[in-house]
1. Before rounding to the nearest 500, sum -39500 (n - 2.57) across all DSSP H runs of length at least 4 in the chain and divide by the residue total; then give [θ] at 222 nm in deg cm²/dmol.
2. Modelled label-to-label distance, THR846 and ASP166, 7 Å Cα→beta-carbon offset: nm?
3. Once you have a ≥ b ≥ c as the square roots of the Cα gyration tensor eigenvalues for region 175-274, tell me rounded if a/c is under 1.5, and otherwise prolate or oblate according to whether a/b is larger than b/c.
4. Which whole-angstrom value gives the distance between the alpha carbon centres of region 18-48 and region 844-859?
5. Answer rounded, prolate or oblate for the chain, using the Cα gyration tensor with square roots of eigenvalues a ≥ b ≥ c: rounded when a/c is under 1.5, else prolate when a/b is larger than b/c, else oblate.
6. Using the heavy atoms of the protein chains and a 1.4 angstrom probe, tell me the accessible area per residue for region 335-484 in square angstrom.
7. Defining a contact as two alpha carbons under 8 Å apart and six or more residues distant in sequence, what relative contact order in percent does the chain show?
8. At R0 = 25 Å, how high is the FRET efficiency between ALA382 and SER318 if r is their beta carbon distance? Nearest 0.05 is fine.
Amino acid sequence: MPNAQLAAVVRHSAASLREPLQRDRRALHERYAADGEAPRLLRQHRALIDRALRSLWKEAALPGSLALAAVGGYGRGELFPHSDVDLLVLLPWEPDAELKAKLEGLIGRLWDTGLEPGHGVRTIEECLFESAKDITVQTSLLEARWLAGSRSLYAAFTHAMREQLDPQHFFQSKRLEQEQRHGKYQESPYSLEPNLKEAPGGLRDLQVILWICRCAGLGENWMQLAARELITTVEARQLARYQKFLSELRIRLHYIAGRREDRLLFDYQSSLAAQLGFVDTPSKRASEQMMQRYYRTAKAITQLNTLLLQNIGVELLSSDDSPLEILNERFQAAHELLEARDADLFERQPGAILESFLLLQQHSELKGMGAPTLRALWRARAGIDARFRRDPANCAQFMQILQQPRGLVHALRRMNQYSILGRYLPAFGKIVGQMQYDLFHAYTVDQHILNVIRNLRRFTMIEFAHEYPQCSRLIAGFERHWLLYVAALFHDIAKGRGGDHSRLGMRDARGFCRLHGLTREDTELVAFLVEHHLTMSSVAQKRDLSDPDVIEAFARTAKTERRLTALYLLTVADVRGTSPKVWNAWKGKLLEDLFLLARRLLRGDGVGFEQDIQAKQEEALRLLRLYALSDEVKDRLWSELDVAYFLRHDAQDIAWQTRTLHYRVDTDRPVVKARLSPIGEGLQVMIYTRDQRDLFARICGYFEQINYSIADARIHTTGHGYALDTFLLLGPGNNPHYRDMISLIETDLAERLQRQTPLHPPTRGRVSRQLRHFPITPEVHIRPDEKGASYALSIIAGDRPGLLYAIALVLGKYDINLVTAKIVTLGERAEDVFLVSGEALAIPKTVLQLESDLLDALQLN
């Protein structure tokens, strides 16, 4: 048959297969929706695709010497609804042009049929070469399964692969690969939107074990591993049950999303929970109940994964004559693992439970606990009861764990993983796996707490001193810095109970300190930190730090320099531990400025704002001289600036603006100047122009259009009626090209201000996934400030593009003048505070209408 005629026949064949394939897939979906049998769905889907592929292979009329094999997940028989169909076309030799054309036609037909193949076309020699240099390729080929074509070629391929396999190298490579993968997910399954395939405790952790065991010939399923005594029969059944649950979640996730999706996004959690039979209760949403089951499953999988990897490692890597090292009368070290010398040690001496974690901290050469010890630890955890917690020896051991110079974070994570930490601290046990629907935390409560302790610990480590030098210097001189770890353990421990979690957590912390023998002074420090762990962040981000009264009130709260230092360190660690999106350099500078101002006051120097202004001016003049400018260049501009300007700007900003404006103080054209922010992140933009109506709205509208967000705004009006405004801008994405935007912003914005272009209508902007599922009810409050000269406008709303512009339009409508703006974004939550003035604010009826219009502008749709 001529090639053109053959191609037409095959195209018709592909089209005739597509519709039945889609119909059969829909039938599988309907059957699964009725019975919920995950293993059956995976088997039947695999069989369906097998039949379709064999039919296409047959009709392609390829030489009989070729072979078609399923690899990867499809090879092991687990084909999820929208997973790729991984295929290997085995060749006995390099293909000629005619064979290449036929193979390309086959791959095209696979796509035409709707199979979405992930394919490779290789000879056996090429398979071996790629396998030797890439452990991922080797893993995929390890799961190969014959589908069609030459059985002898496929047999030769499997024999060659088996000959190439090095179980010890494979084990070490997969273990390292898992460590890297876990690092990508913060070593924890407790993300609020976890990846159920790749994250710790996900399906991949189960697959890793089976891959290694298949490579080493130790077994191909959980019961075979139990027969080899790598796990118990009970553990094998548990693993099968966990695997079935995760498979069921992934199948339903694919169907709900309509595509391959492995992340348990907020978009899908409610639908998944409903399909799995969870219902809302007065205290918990159905989705939260489902996620807590997921977290328990993932936690158990990480435990069993650790246990199995250790057993397999001993089987593959250790010799029988490995020397034992006696650590004390209760513990020994073997194969780089900690072992209890008696199987019933933890039952007889429950205090040895805490000692085991302490020994792991003290012996860095140990990689973990041996499998028998882990099992014994798990069985004995119920022995951690009220009597255990009151035992002074156990209290002393827990304090030793907190005070060790190394290994604290690993110890606490292990204790949490093995359910020891929650048994020892029952309040902590209540928040394990607890969701946080506040739109800025990215982790469960327990994981966030451990992240904060990790951040504090990093301040003490020389290798991380470059990250936050100020924090590293402060903690180095902070006596008994382990008290910060105690405060971190309790700062969010009371979340979910109702009421003020800071005050409730303070009571728990006091009880812990009394039980563990802390001095009155140390107890009061820990209690203060827990009660006020949100205070410093709130003051720094929402109050005017140029106001002496704000600094004095905050310093009175701190009372001593030691408490201030501790609160600063805890606050930085806490904000950094919420989510990668929440922390930025500007927030870091605000916290540092507040710390330094309050410390000066507590040291008895006074805030010294008058002296501070004089010092700023002298430093600004020094900087101007570096540009060969005389001291007199400042006179014209500075004569139009009041005290508030010098309080709100530092010397570098004053010098920069003076250098830019000294020769055009009375200019008729707007001046826009931008530079890379001195704090190391973002752009700083200065705008100088004759004051005009809707100026703030026009500026906000421009920044919205270029997709830049305002992190801070300092608004000032000179004595002769010019606006001198400074903005800190943050660009989109992880690596915005700030330098490339400077010239565009300077030219484009100046032109728009000169022309006073009409204001475009506000846009609602794209709402994030989180806000769609957990919307925030907008809040607007207008209150006179303490001095009665201005008004504080506070706004809480879901953040979105164009939000600040919409606010500015409403303020312009009422002729409200903006004095300062504190722009606070916490993940998807905006908490902005504006200092405003205007005649309309003195009329109560007008204020009510203004608040109503602002609420309308803040609505998401």
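1. -17500 deg cm²/dmol
2. 8.2
3. Values: a/c = 2.38, a/b = 1.63, b/c = 1.46.
Prolate shape, in that a/c is at least 1.5 and a/b is the bigger ratio.
4. Here the answer is 55 Å between Cα centres.
5. Numbers: a/c = 2.23, a/b = 1.42, b/c = 1.57.
It comes out oblate by the Cα gyration axes.
6. Numbers: 6040 Å² over 150 residues.
Averaged over the residues of region 335-484, the accessible area is 40 Å².
7. On the way: 1218 pairs, mean separation 57.1, N = 861.
Value for the chain: 7 percent.
8. Details: r = 32 Å, r/R0 = 1.27.
Step by step, r from the Cβ atoms, then E = 0.20.
The values are calculated or read from the model by the stated rules, or taken from the named source; none is laboratory data. Note that the structure is a prediction, hence the values are computed from the model and not measured. We place every Cβ from the backbone using ideal geometry, glycine too, and count neighbours over all the protein chains shown. These area figures cover heavy atoms from the full protein model, side chains too; ligands, DNA and RNA do not enter into them. Shrake-Rupley method; radii C 1.70, N 1.55, O 1.52, S 1.80 Å.
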